[in-house]
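The values are calculated or read from the model by the stated rules, or taken from the named source; none is laboratory data. Since the structure is predicted, the reported quantities are computational estimates derived from the model, not experimental observations. Here the Cβ positions follow ideal geometry from the backbone for every residue, glycine too, while neighbour counts run over all protein chains shown.
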Amino acid sequence: MISLKRTIQVALLSAVSAIGVHAHAESPPGYDSWDQVLEEARGQTVYWYMWGGSDAINGFVDTFYGDPLKEEYGINLERVPLAGTVDAVNQVISEKEAGADGDAGSVDMIWINGENFKTMQQAGLLYGPWAESIPNSALVDWGNPAINLDFGKPVEGMESPWSSAQFHFMYDSARLSDSELPRSYAELGDWIAANPGQFSYVAPGPGNFIGTRFVKQLMFELSGNHEQWVGPFNQELYDQWSMATWKELISWEPNLWREGNTYPESNADFKSLFANGEVEFAFTQSPAGAGPDIGAGVIAPTSRAFSFDNYMIGDFNYLAIPYNAPNKAAALVTANLVLRPDRQAAQVQPANGFCCGWAIDVSRVTDADQIAAIETAMMNLGDAAADPARLSGALVADIAGEYQNLIEEDWQKYVLRGEPLPE
């Protein structure tokens, strides 16, 4: 039986946005129309260079993209597995140095991260701008800095989102009710004071970005304005609000797990504390909320996910097309298929092997069959997932990488080691 909460979610997803799907005034560079792209793409093979370390993701790509590309568009998909994205970047750099310009390269599309996107963008190694000219880009909220900035670097139409992940929390519904959950850091501070010993968080540091995100979000709330953090690194802004952040975290310590004398060293350790009932909350980045950890037997079946109302950091991963891609039309069609709502609905479901979040704004979907696919996906996620409307409403972008190191170093200094705060 579908819960009232889930019924409300489905109703929200079914609402038609005034924005809707619209035709684009401009076509991708080098093409007069999308029909021309489709015509040229038929019979091509798209060579998609991507990290190959997950059999589940590889299988998802082959099934949910490879099959429809062949059947619907006459395109063959050749997935080229990589040990790391930098290998594809180096391939394109080598080709440029050898004069393999135009369509003389070997890489059609790359599953890319922020650092490598920046490298390719600065070196003029990308085709575009194209990302806002494919039809399904109308479903993307390009106005959100979480999407139009890739770790602080403007996307500028040179890459298109594939999927997302967003910070939120887990709790055990057998131990806490929904009405008891904090919905802000201010409420969390009050909850910690009222429930001594029952909260901790992952120690920020290299490899523990989720702990660093937890601290960043507190900094956003204390400063009262996330927008001021978007863009280039601002030392003055950091200096203004970091001390308030350390003071707040230090004030929690007497009521933290083990009185703040130690912190979980990884998210896996943190989930173990949660599963054992030593702490009441844990962290997740999955669109399925607590579902994947329940399925893996890591946490109790009664675990659920929830979001604060603001300042929940999300980020997106992207697809880029090199400047010398030999089959640009096939790459454009593939990137457009990736944004199709039924493919997006498939990727959020753990059973399909990928289980990453939406790259589109589901409220912009107007096609009845596509809406049905989204509704089915949300019901398949079950009650272990957070309310998607609340989660998307809290979405904010991550910020420039310089903040990351400073936050981790200063947290270690002032919170963990307890060195005196500057006057």
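Looking at region 136-153, can you tell me whether even one residue there is of a type in the set (S, T, N, Q) and closer than 29 Å to residue 262 by Cα? Even if it seems obvious, please write down each step before you answer.
So the first thing to find is which residues in region 136-153 are of a type in the set (S, T, N, Q), and the list is 136-137, 144, 148.
From what is left, the residues that are closer than 29 Å to residue 262 by Cα are none.
No, the conditions are met nowhere in region 136-153.
Which residues, taken from region 105-143, are outside any helix (DSSP H, G or I) and more than 15 Å from residue 331 (Cα to Cα)?
Residues of region 105-143 that are outside any helix (DSSP H, G or I), as a first pass: 105-113, 123-134, 140-143.
Matches in region 105-143: 113, 123, 124, 125, 140, 141, 142, 143.
Let me confirm something: among 211, 260, which residue is closer than 27 Å to residue 148 by Cα and either under 23 Å from the mean Cα position of the chain (by Cα) or modelled with pLDDT of 95 or more (or both)?
Values: 260 fails: closer than 27 Å to residue 148 by Cα.
Being closer than 27 Å to residue 148 by Cα and either under 23 Å from the mean Cα position of the chain (by Cα) or modelled with pLDDT of 95 or more (or both) holds for just one of 211, 260, which is 211.
I'm trying to understand the selection: among the residues of region 287-305, which are of a type in the set (S, T, N, Q) and crowded, with 16+ Cβ neighbours inside 10 Å?
Result: 303, single match.
Given the condition modelled with pLDDT of 95 or more and within 13 Å of residue 330 (Cβ to Cβ), answer yes or no: does some residue in region 49-62 qualify?
For region 49-62, residues modelled with pLDDT of 95 or more and within 13 Å of residue 330 (Cβ to Cβ): absent.
Determine whether residue 80 is at pLDDT 95 or above, part of a helix (DSSP H, G or I) and under 28 Å from residue 340 (Cβ atoms). Give the steps one after another, and end with the answer.
On the way: at pLDDT 95 or above: yes; part of a helix (DSSP H, G or I): no; under 28 Å from residue 340 (Cβ atoms): yes.
Criteria not met by residue 80.
Considering only region 148-159, how many residues are within 13 Å of the chain's Cα centre (by Cα) and of a type in the set (Gly, Ala, Ser)? Spell out the reasoning first.
Residues of region 148-159 that are within 13 Å of the chain's Cα centre (by Cα), as a first pass: 148-151.
Still in the list and also of a type in the set (Gly, Ala, Ser): none.
Matching residues across region 148-159 total 0.
State which residue pairs qualify: first residue at positive phi and inside region 106-130, second residue assigned to a loop (DSSP other than H, G, I, E, B) in any location, beta carbons under 9 Å apart, and separation of 6 or more residues or different chains.
124/323; 128/28; 128/29; 128/156; 128/157; 128/158; 128/321; 128/323
Please tell me if residue 287 is under 30 Å from residue 368 (Cα atoms), in contact with a Gly (Cβ under 8 Å, 6 or more places away or on another chain) and assigned to a loop (DSSP other than H, G, I, E, B). Before the answer, list the steps.
On the way: under 30 Å from residue 368 (Cα atoms): yes; in contact with a Gly (Cβ under 8 Å, 6 or more places away or on another chain): yes; assigned to a loop (DSSP other than H, G, I, E, B): yes.
Considered against the rule, which asks whether it is under 30 Å from residue 368 (Cα atoms), in contact with a Gly (Cβ under 8 Å, 6 or more places away or on another chain) and assigned to a loop (DSSP other than H, G, I, E, B), residue 287 comes out as yes.
Given the conditions (1) closer than 19 Å to residue 328 by Cα; (2) free of Cβ contacts under 8 Å to residues at least 12 places away in the same chain, which single one is not true for residue 97?
(1)
To keep it simple, each residue is scored yes or no on (1) hydrophobic (A, V, I, L, M, F, W, C); (2) in the same structural domain as residue 332 (by TED's automatic domain parsing); (3) out of contact with any strand residue (DSSP E or B) (no Cβ under 7 Å at 6 or more places or on another chain).
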{"residue": "58", "(1), (2), (3)": "no, yes, no"}
{"residue": "65", "(1), (2), (3)": "no, yes, no"}
{"residue": "72", "(1), (2), (3)": "no, yes, yes"}
{"residue": "82", "(1), (2), (3)": "yes, yes, no"}
{"residue": "85", "(1), (2), (3)": "no, yes, no"}
{"residue": "88", "(1), (2), (3)": "yes, yes, no"}
{"residue": "99", "(1), (2), (3)": "no, yes, yes"}
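Return a yes/no flag: does region 236-254 have any residue that is over 30 Å from residue 349 (Cβ atoms) and not in a helix (DSSP H, G or I). It would help to see each step written out before you state the result.
Just the residues of region 236-254 that are over 30 Å from residue 349 (Cβ atoms), to begin with: 236-254.
Right, trim to not in a helix (DSSP H, G or I) and you get none.
The answer is no; no qualifying residue exists.
Looking at region 151-171 only, could you name the residues that are surrounded by 21 or more Cβ atoms within 10 Å (Cβ to Cβ) and in contact with a Lys or Arg (Cβ under 8 Å, 6 or more places away or on another chain)?
167, 170, 171, listed by residue number.
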